[in-house]
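The values are calculated or read from the model by the stated rules, or taken from the named source; none is laboratory data. Note that the structure is a prediction, hence the values are computed from the model and not measured. Neighbour counts are summed over all protein chains in view; Cβ atoms, including those assigned to glycine, are modelled from backbone coordinates with ideal geometry.
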Amino acid sequence: MLRILAVTLTAAAVVVATAGPVGAQASSSGASVEEQIKKIEKDRAAAVTKADVAALEAVTSDDYTLIDRNGRVRDKAQTMSAIKTGDIKITSNEVSDLKVRVYGDTAVVTGRADTKGTIGGRDVSGPMLFTRVYVKKSGRWQSVAFQQTAISTP
């Protein structure tokens, strides 16, 4: 009985000693989930400025919802179409202050974006805060929701 207890405790000690911190699930590249999401978010911002719809579609779920800084709601098809046609034309999109919280296969990222561009011909240049939700589907992180809020100047 004591031998079984000793083996069990030794095995548990090895598992605890080799486990990483909670929430720091690593990919095969060794990056934590938080680092992966931050990279996706920065790559996404760059893809928007290039109107790289293929790159954006790859990280956007089919059931995606966007609430833009003007309060307009769009789904994935509408968003990608607006980027393709130039209805959404972002020429600069610098993201910063990214904070990522991970809940299993869901990640919530909040941050700031300083943008230059137009939506529907209206200037949308200036700073905004945002929240984006990612869900891991078939081993890939995909955005399912994105909400923007313009930062008004007093």
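Structure notes:
- Residue tally, condition on the phi < 0 side of the Ramachandran plot, modelled with pLDDT under 60 and in contact with a strand residue (DSSP E or B) (Cβ under 9 Å, 6 or more places away or on another chain), over the stretch 18-63: 5
- Check on Arg101, surrounded by fewer than 18 Cβ atoms within 10 Å (Cβ to Cβ), basic (Lys, Arg) and without any contact (Cβ under 8 Å) to a residue 40 or more places away in the chain: yes
- From the list Thr91, Thr118, the lone residue that is β-branched (Val, Ile, Thr), touching a Gly at 6+ places or on another chain (Cβ under 6 Å) and within 23 Å of Thr153 (Cα to Cα) is Thr91.
- Output for the stretch 59-76, where each listed residue is assigned to a loop (DSSP other than H, G, I, E, B), buried (at least 19 other Cβ atoms within 10 Å of the Cβ) and under 17 Å from the mean Cα position of the chain (by Cα): Asp68
- Residues of the stretch 126-146 that are in contact (Cβ under 8 Å) with a residue 24 or more places away in the chain and small (Gly, Ala, Ser): Gly126, Ser143, Ala145.
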